[in-house]
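The values are calculated or read from the model by the stated rules, or taken from the named source; none is laboratory data. Since the model is a prediction, treat every value here as computed from it, not as a measurement. Positions of Cβ are backbone-derived with ideal geometry, glycine not excepted, and every protein chain shown enters the neighbour counts. Just so you know, the surface numbers come from the protein's heavy atoms only, side chains and all, with ligands and any DNA or RNA stripped out. Shrake-Rupley method; radii C 1.70, N 1.55, O 1.52, S 1.80 Å.
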Amino acid sequence: EPVPPGSVSPAGTAAAPAAPVVDPEEIALLIDRGKAFLAGGDVAAARLLLRRAAEAGDAPAALLLGATFDPSALERLKILGAVGDAAQARQWYQRAAALGSADAARKLDALASR
């Protein structure tokens, strides 16, 4: 019988999924390549790379990923055709805050004041 997420299986182990293990060098590479794609205007590719690093528990990646959804950040970056999503930006900024980013609270405040 399936075990509901977050509950304890009969073997006594939690059924919650663990963050994927990604080594620090790979995380740095993912972020660098994500920034390069962002600088080139390829938001979709940047999001894919940054999401991988953010889901592995990297706060700066989560913060930057949030910015790729933040309508104000996209406007500042002058990325044409990129669609902002304040709810997604908030989710990633909250994740960055939970991972220890000091800048995330400021980003959340700015997002909320719009």
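Remarks
- Only a single item in (1) closer than 16 Å to SER113 by Cα; (2) over 8 Å from the mean Cα position of the chain (by Cα) is not met by TYR93, and it is number (2).
- Residue match in segment 57-69 (condition: open to solvent by 50 Å² or more (accessible area, probe 1.4 Å) and at pLDDT 95 or above): yes
- Any chance ARG33 is open to solvent by 60 Å² or more (accessible area, probe 1.4 Å), modelled with pLDDT of 95 or more, basic (Lys, Arg) and under 12 Å from ARG95 (Cα atoms): no
- None of LEU48, LEU74 is farther than 20 Å from LEU111 by Cα and part of a helix (DSSP H, G or I) except LEU48.
- Yes/no for ARG76 being of a type outside the set (A, V, I, L, M, F, W, C), farther than 16 Å from ARG114 by Cα and surrounded by fewer than 19 Cβ atoms within 10 Å (Cβ to Cβ): no
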